[in-house]
Amino acid sequence: FPTERIRNFSIIAHVDHGKSTLADRLLELTGTIKRGHGQPQYLDKLQVERERGITVKAQTATMFHKHHFHGADNNGANEEPSFLLNLIDTPGHVDFSYEVSRSLAACQGALLVVDAAQGVQAQTVANFYLAFESNLAIIPVINKIDQPTADPDRVKAQLKSMFDLDASDALLTSAKTGQGLEHVLPAVIERIPPPPGNSDSPLRMLLLDSYYDEYKGVICHVAVVDGKLRKGDKISSAATGQAYDILDVGIMHPELTSTGVLHTGQVGYVVSGMRSTKEARIGDTLHHSKSIVLPLSGFKPAKHMVFSGLYPADGSDFEALNHAIERLTCNDASVSVARESSTALGLGFRCGFLGLLHMDVFHQRLEQEHGAHVISTIPTVPYIYEYSDGSKVEVQNPATLVSNSKKQVTACWEPTVLATIIIPSEYVGAVITLCSERRGQQLEYSFMDSQRAFMKYRLPLREIVVDFYNELKSITSGYATFDYEDSEYQQSDMVKLDILLNGQPVDAMATIVHNLKAQRIGRELVEKLKKYIDRQMFEITIQAVIGTKVVARETISAMRKNVLAKCYGGDVSRKKKLLEKQKEGKKRMKRVGSIDIPQEAFHELLKSS
Ligand code: GDP
Ligand code: MG
């Protein structure tokens, strides 16, 4: 295929605006998948994706389409030229903006889908800027025009005022009824430039993604930027210098379809005998082993913004969990995993995620696809602490933050995000209140049109990790949309809040909180625990502690079991023995701190800030 007849494009949108449905329609239109066959949202392959209606992993599909240029003289040839179109689906959710920018690296254009009734929303803004910064040609698509509340003109005005986009040539579609869809592919072909690479230059390809297949091993998605790749070629990684033989090469059509060759500008897959997806570095440049090339500029590596400890729910099943995590991370290289141990929970893992939804999805997949049962600890963000000896550490697990007379904390920095919030104007006051409670700093506040306000805030990541989005939704009757991007670290007064049961710290319950909120959060945690821990044979004190200062305290009184009841008053020495035994039992349990903490207690702690 000549490069001039290749188009690589993406569909970007706010969640639910119809991206996956539109992708399905395009696959049907081109005969790539059969109409009405298979499940809707063809590219959303994971069970969690179908259940939650979100796209987690970007998928690619190659389509073929015959195109007639208007006014073009086909020189009497009745054959219209065939185009090769690579559609790269992207996730819509904020947590996966890393996946979005990765997908966009292989594209020259994007369809910006906006719901005709909802208008521009927070992720529309975020995705627009990702595409804009990558210099992509942007085609506005106003979708769902079949809805009674559709107002395409209002959306056009928003596109103009928000993005300075000339929306006079926006496409109007309904992915549901099929209206307007016939204009989509012609617009892709005519308004998006072909890939810019050089077919005579030595091979350079960008590694976009990888996953593990039971039968074929590691499969890499690649974009061939320059040159061409054939089956049997020997290639090397610019990052590691490691060489591989190309065992198979082809396109995603959308099933893997072997073609034996990939030309300049094409997107496809390669199988190269890599043993683990860890060898496939996303953003790496692959080239022929015999040639020396300048590596392509990769993309920003995924940053882990939320960490949590994962432990087997029933203590004994560490190996099963280990196996499940290994299998799952084979296909989700964006999760980081390190072993850790907790005195409270035993052996487990510290995992790093791109965001909260990413963490949730990972849990769900562990349980659904791999049958694992896990307890996870309160999610935390990575803090940077400076000690009196001048050393600096990144703290991913609050339990590991130590401060004693020799080593005192002198400063702390926490990660922040730049948040975009779009709301109907009447909710402005409530949102401002919420954001200031969450230690936010307002950066921008304007009106998109007479009904909608646009706000930009700097917020500590910690403050949005737990429950911010739900809270925002509830105070705005579900109307707010929200997106964020990582920003810089800021200095903050963050302290470690320990939970002590009978004086013993429970490492898995430690959190890092802002000093001014420590008291309130400590109180909430202690009250929650009191509800979830059953009375036991001895009294239990629950304390929330900062350093040596107790900020909250509750007690659960002992269960009174009359051990003498059965003894009919008789034998005194037997009475004494029983009393001894009970006392010893109490002592032993207190000493090892073996208090039964039900699993729900950990789950409930997750939900509080
Ligand atoms: P995505 O989150 O952007 O991928 O959105 P989906 O493609 O999953 O669509 C979200 C919902 O909107 C689904 O229930 C679709 O059936 C529905 N939908 C998609 N396109 C249209 C459309 O043109 N008109 C109407 N009325 N509904 C649509
Ligand atoms: Mg979708």
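Under a 5 Å amide H cut-off, with hydrogens placed 1.01 Å from N, Gln536 pairs with Met559 among residues at least 5 apart or on other chains.
Along region 121-130 the Karplus relation, 6.51 cos²θ - 1.76 cosθ + 1.60 evaluated at θ = phi - 60°, assigns HN-Hα couplings of 10, 3, 6, 4, 5, 4, 5, 4, 5, 4 Hz to successive residues, with x for each Gly and Pro. In terms of overall dimensions, region 363-469 has a Cα radius of gyration and Dmax of 19.2, 60 angstrom. With a Förster radius of 35 Å applied to the beta-carbon distance between Ser403 and Lys216, the computed FRET efficiency rounds to 0.10. How many angstrom lie between the C-alpha centres of region 323-360 and region 219-279? Centre-to-centre distance over Cα atoms comes out at 29 Å. Based on Cα atoms of region 429-496, Rg over Rh with Rh as the Kirkwood radius reads 0.98. Based on protein heavy atoms only, region 138-225 ends up with 45 Å² per residue of surface accessible to a 1.4 Å probe.
Of the cross-linked pairs Lys496/Lys531; Lys392/Lys528; Lys66/Lys144; Lys19/Lys66, which ones have a Cα-Cα span greater than 32 Å in the structure shown? Numbers along the way, then the final one.
Values: Lys496/Lys531 23 Å; Lys392/Lys528 34 Å; Lys66/Lys144 26 Å; Lys19/Lys66 23 Å.
Table pairs above 32 Å Cα-Cα are Lys392/Lys528.
Put simply, region 459-557 fits an ellipsoid with semi-axes of 31, 18, 10 Å; these come from the alpha carbon gyration tensor as the roots of five times its eigenvalues, largest first. Semi-axes of the equivalent ellipsoid of region 262-408 are 34, 24, 13 Å, computed as sqrt(5λ) over the eigenvalues of the C-alpha gyration tensor in descending order. If you sort the three axes of the alpha carbon gyration tensor as a ≥ b ≥ c, you get a/c of 1.5 or more for region 180-257 and a/b no higher than b/c, which makes it oblate. Classify region 332-403: rounded, prolate or oblate, from the alpha-carbon gyration tensor (a ≥ b ≥ c, eigenvalue square roots; a/c under 1.5 rounded; otherwise prolate if a/b is larger than b/c)? Prolate. How charged is the neighbourhood of Ala116? Take every other residue with its Cβ under 9 Å from the Cβ of Ala116, and add Lys/Arg as +1 and Asp/Glu as -1. After counting each charged neighbour, the total is -1. 3J(HN,Hα) along region 458-466, derived from phi through the Karplus expression 6.51 cos²θ - 1.76 cosθ + 1.60 where θ = phi - 60°, amounts to 9, 10, x, 4, 3, 6, 9, 5, 9 Hz, with x in place of Gly and Pro. Classify region 147-198 from the C-alpha gyration tensor, please: rounded if a/c falls under 1.5, else prolate or oblate depending on whether a/b exceeds b/c. It is oblate, given that a/c is not under 1.5 and a/b is not larger than b/c.
Work out the length of the dipole vector of region 463-503 about its Cα centre, built from +1 on the beta-carbon of each Lys and Arg and -1 on the beta-carbon of each Asp and Glu, and round it to the nearest 20 debye. Walk me through the numbers before you get to the answer.
On the way: 2 positive and 9 negative charges, 48 e Å.
In debye, rounded to 20, region 463-503 gives about 240.
In percent, what relative contact order does region 232-298 have, based on Cα pairs under 8 Å that are 6 or more apart in sequence? Working shown, then result.
Details: 100 pairs, mean separation 23.3, N = 67.
It rounds to 35 percent for region 232-298.
Annotation: aspartates and glutamates with alpha-carbon distance below 13 angstrom to Lys576 (same-chain offsets under eight excluded): Glu584. Sorting the segments 302-313, 106-117 by their mean number of nearby beta carbons within 10 angstrom, highest to lowest, gives 106-117, 302-313.
The values are calculated or read from the model by the stated rules, or taken from the named source; none is laboratory data. For clarity, every value in this text was computed on a predicted model and none was experimentally measured. Reconstructed Cβ throughout: ideal geometry from the backbone, glycine too, with neighbour counts over all protein chains shown. All accessible areas refer to the heavy atoms of the entire protein, side chains included, with ligands and DNA or RNA removed. Shrake-Rupley method; radii C 1.70, N 1.55, O 1.52, S 1.80 Å.
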